[in-house]
Amino acid sequence: MAAINHPLGHGRRALPIPLPGSPNWWVLGAMAVVGFSAMLPVLQSSWTTTRGFETQDLEAREAQLNGDIRQLEADVANLTSLSRIERRAQAIGLAPGGTPLYVEVDEAGPAPAKIPSELLPELLRESDEPDSLWRSLISRVPLLD
């Protein structure tokens, strides 16, 4: 009965139950953290599923490209086979060649050689000056080989 005798206007204290107009920020923050924590596994699972589908698509594309590469390799092998080349040559009117002729050329070609230097004949160096007496004598002495 003591509560009935005291009017609300005197000695007002904080009420233990919050009123709807004043939110408790600690409770709202805790609810946001709990909600975010509950959504993390869902987001992570969704991200993993998306990556899995992308991986499957890339693996399918890789398998398709590998198949295309194998098909092209088979086409190249077929097109470069000797029997196919012989059939094609006969179809366009080519005949086997006769005995080959070999020609040896002892002179070097034009100044900018278009073949490797190992295949070119060695050029003899013509010197304007004769060898000295000592050099000609030393060249005649057999040295250790």
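Number of residues in the range 96-119 that are in a loop (DSSP other than H, G, I, E, B) and either at pLDDT 75 or above or closer than 28 Å to I85 by Cβ (or both): the value is 15.
Selection of the range 120-139 for residues being modelled with pLDDT of 70 or more and either touching a Leu at 6+ places or on another chain (Cβ under 9 Å) or hydroxyl-bearing (S, T, Y) (or both) yields S132, S136, S139.
Only one of the numbered conditions (1) of a type outside the set (A, V, I, L, M); (2) surrounded by 10 or more Cβ atoms within 10 Å (Cβ to Cβ); (3) modelled with pLDDT of 90 or more is violated by S81, and that is (3).
The values are calculated or read from the model by the stated rules, or taken from the named source; none is laboratory data. Computed from a prediction, not measured in an experiment: that's the story for all the values here. For neighbour counting, all protein chains shown are included, and Cβ atoms are generated from backbone atoms with ideal geometry for every residue, glycine included.
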